[in-house]
Amino acid sequence: MTSTKTEAKKAFYRSADAVSKISIFKNGHIFIKLVSKLEQKVPQGRKSTKEARYNGFDEKELISFYNEFCEDENVKDLIDEIAETMLEKIAKGNQKVVAFLEYYSHEVVIQNGQKYRIPTIESSNGHKWKIVSIIPIVRVYFATLENITQIKSKIDNLSKEIAKIGKSQNGHSLIDTQKEIKQKIHTLVEELNTKLTTIEKLRKEMIIKKLSQTEKRELQKRMTFEKNEAEKIKSEKQRYEKMLLSNAALAKYQKLQRELDALKRELRNKTRLLEQNSPAYKEIKAALVRALIQKKKKIVS
């Protein structure tokens, strides 16, 4: 159904520019389908005859298309799509659509001397929507919807830029993570200094004291162990030092993060505005759908 709705919307948007399209009438409903991908064959000598009523498109393909897309449920969904598209066009100032909907503002019209009652854009609770009250609501709705889309795109781009600089860890911000790294380096430096002090004491002890061969071997083992431990600490310290960012990178991160926070606040505000505006918009849309699927009724004198 999604692909059907997408095609229908494209048809409504672009039908004026389409090279060829099919308009199918079924039970009072109209379905417009772009057919630029269907093979079109108009045999010689048939272009001006009644046999050309399918405009050169294969009749079997048209029947298959009719059966696939023109079920009642599909038509109903198509009208949910056209109504939304019309409201979006109004929001963008399309005067032709505005003029079209003004037709539903007249409860009675006279055509060829006959009076007709026109379907009105009326909500389920009996409220009748006029074009002058519809316009500001749909403008706010679609403008807000577009703003939200733009903001989300900016948030996504900023998040990617921030991720390139560095990643936060354990749910902490990158700034907090950098502070933790610096603290870890500071701790490792202290541990390394302690090890180096111990090694130096052992070295002096080896020189100054008169030790037996056994004592010297034991002292040498201790020195080797402490040196190995010192090397491990050095490697760990170097690993953390590589994780540190430059001041320029941190400054850029903070700038981007401020922009990201501001966008998130704006997104929350726009989302609240959309939520406030949505009930009225949905009511208008539902009322418009009801009006579009109804026919004008002849008024018998």
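Please treat every number below as a calculation from the coordinates, not as lab data. Note that the structure is a prediction, hence the values are computed from the model and not measured. All Cβ positions, glycine included, derive from the backbone under ideal geometry; neighbour counts span all protein chains shown.
How far, in nm, would the chain grow between GLN213 and ARG239 when pulled straight, counting 0.36 nm per residue and subtracting the alpha carbon separation? Intermediate results must be reported in sequence, preceding the final value.
Values: separation 26, 0.36 × 26 = 9.36 nm, distance 3.90 nm.
Extending this stretch completely gives an extra 5.5 nm.
Tell me the label-point distance for the pair TYR103, LYS298, using the 7 Å Cα-to-Cβ offset, in nm and rounded to one decimal.
Between TYR103 and LYS298, the label points sit 1.9 nm apart.
Let a ≥ b ≥ c be the square roots of the eigenvalues of the Cα gyration tensor of region 171-221; is it rounded (a/c under 1.5), or, if not, prolate (a/b larger than b/c) or oblate?
Values: a/c = 10.24, a/b = 4.25, b/c = 2.41.
Since a/c reaches 1.5 and a/b is larger than b/c, the shape of region 171-221 is classed as prolate.
For the residue pair LYS255 and GLN183, what label-to-label distance in nm results when each label sits 7 Å from Cα along the Cα-to-beta-carbon direction?
Distance between the two pseudo-spin positions: 2.9 nm.
Set the Förster radius R0 to 51 Å, insert the Cβ-Cβ distance between GLN111 and ALA143 as r into 1/(1 + (r/R0)^6), and round the FRET efficiency to 0.05.
Values: r = 37 Å, r/R0 = 0.72.
Calculated transfer efficiency: 0.90.
Given 0.36 nm per residue, what is the gain on full extension from GLN95 to ASP77 after removing their alpha carbon distance, in nm? Before the final figure, lay out each step's value.
On the way: separation 18, 0.36 × 18 = 6.48 nm, distance 2.49 nm.
Taking 0.36 nm per residue and subtracting the Cα distance, the gain is 4.0 nm.
Give me the number: length gained by fully extending HIS127 to ASP156, i.e. 0.36 nm times residue separation minus the C-alpha to C-alpha distance, one decimal in nm.
Extra length from HIS127 to ASP156 when fully extended: 6.3 nm.
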